[in-house]
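*Asks:* Let me begin by handing over the structure; questions about it come next.
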Amino acid sequence: MANRSSREDMASNPRSSMRTGYNARAQQRARAKKGAGAGQKKIIDYPHPKNLNICFKEGVEEGKVNADPTTTELKIYLEMKGFPHKVHIVEPEKGRNLPEWFRKNNWDGILPMAKYDKEQYKIGSAEIMMALEKKFRVPLLCAGGMGASRFRGKTVKNLTLSLLKSVRPYDDSNPDWVDLKSEFRQLDEYLVQCHNKEGDYLKEKRFTLWDIRMVPALYNLISVANLFKPGFEIPDDVPHLRSYMNHAFEDPIFLKFRPTVRQIVTYFEPKLNVRLVLGDDVQ
């Protein structure tokens, strides 16, 4: 009788029936997904590098954020591509934990380094990402003009370090500040050119290689410039760059790997040969 009554209720209210069926299927999918995550490896059904090994420098921990922008960008890239990989934490200066293939193919100890497909070796995050992207196009991250731009983040990284090392203030008497403002303006103009085109982050809300290279370097600069040398401000004549940073800094993929201000300060202190005392309000 109860089953008959239930069928009659469903027949008289088809929307309720649809909701019941949908909820049941949703619960089945959730159970299946939970079961698949327990003890099973992620299945990659598209071409990917075989036996991908990545060497990071001492201090990097798998699954945790790091303030080194080259490490951050490579971690974001591998996460977005979904490539299975093995991580090696090495210390080239002291010869610690170095795989034999690292010793033979990276005499200068440049990090990060990748080995894949038997005898393929790439050194530096930019070279690793570009080589993998060229050979393994799915999922595609090098889209449109954004991926082909000359802006790869290296200029911002170099200018950040030289700017913070300089004893001069943030004004036109400081050539590093003049160069950085020029870079900001070129970035702003480039974002205007790419507006609403393929690869435009503000349109697609998805990182390309361009974003992966730029965002960690920009975030480090914006986060700590005033701590090491007060007076830093983003120029008023780069509104598109401002908008871009406001959105990109809060992107879920970047939030997963975004370092804290304290981590960024710790990263820069030995490079600048200074020691900052941070307040309790600085995370």
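*Asks:* Check residue 88: other-chain or 5+ apart residues with amide H under 5 Å from its amide H, H built from backbone geometry?
*Replies:* Excluding prolines and chain starts, which carry no amide H, the hits are 54, 55, 56.
*Asks:* Another question about this same structure. List the residues whose amide H sits under 5 Å from the amide H of residue 120, counting only those 5 or more places along or on another chain, with H placed 1.01 Å from N in the peptide plane.
*Replies:* none
*Asks:* Between residue 93 and residue 226, take the C-beta separation as r, use R0 = 35 Å, and let me know the FRET efficiency to the nearest 0.05. Provide the component values of the computation, followed by the final result.
*Replies:* Numbers: r = 32 Å, r/R0 = 0.90.
FRET efficiency, residue 93 to residue 226: 0.65.
*Asks:* Quick check: at a probe of 1.4 Å, how many percent of the accessible area of region 165-283 sits on carbon and sulfur atoms?
*Replies:* Heavy-atom surface of region 165-283 belonging to carbon and sulfur, 1.4 Å probe: 50 percent.
*Asks:* Can you tell me how region 86-210 classifies by the Cα gyration tensor, rounded, prolate or oblate, using a/c under 1.5 as the rounded cut?
*Replies:* oblate
*Asks:* Can I ask one more? Around residue 94, under 14 Å between beta carbons, what's the net of Lys plus Arg minus Asp minus Glu among the other residues?
*Replies:* Residues near residue 94 contribute 0 overall.
*Asks:* Oh, and also: For region 175-283, what is the convex hull (Cα atoms) projected area averaged across all directions, in square nanometres?
*Replies:* Here the figure is 7.7 nm², rounded to one decimal.
*Asks:* Work through the residues other than residue 117 whose Cβ is under 10 Å from its Cβ and net out their charges, Lys, Arg +1 and Asp, Glu -1.
*Replies:* Values: positive: 50, 115, 118, 135; negative: 119.
In short, +3.
*Asks:* What does the C-alpha gyration tensor say about the overall shape of region 182-225? Classify as rounded when a/c is under 1.5, otherwise prolate if a/b is larger than b/c, or oblate. It would help to have the intermediate numbers written out before the result.
*Replies:* Details: a/c = 2.63, a/b = 1.42, b/c = 1.85.
Taking the square roots of the gyration eigenvalues as a ≥ b ≥ c, region 182-225 is oblate.
*Asks:* Determine the gain in length on full extension of the stretch residue 58-residue 274; use 0.36 nm per residue of separation and subtract their C-alpha separation, reporting nm with one decimal.
*Replies:* Details: separation 216, 0.36 × 216 = 77.76 nm, distance 2.09 nm.
Going from the current span to full extension adds 75.7 nm.
The values are calculated or read from the model by the stated rules, or taken from the named source; none is laboratory data. Note that the structure is predicted; figures quoted are calculated from it, not measured. Neighbour counts are summed over all protein chains in view; Cβ atoms, including those assigned to glycine, are modelled from backbone coordinates with ideal geometry. Keep in mind that these areas ignore ligands, DNA and RNA; they rest on the heavy atoms of the full protein, side chains included. Shrake-Rupley method; radii C 1.70, N 1.55, O 1.52, S 1.80 Å.
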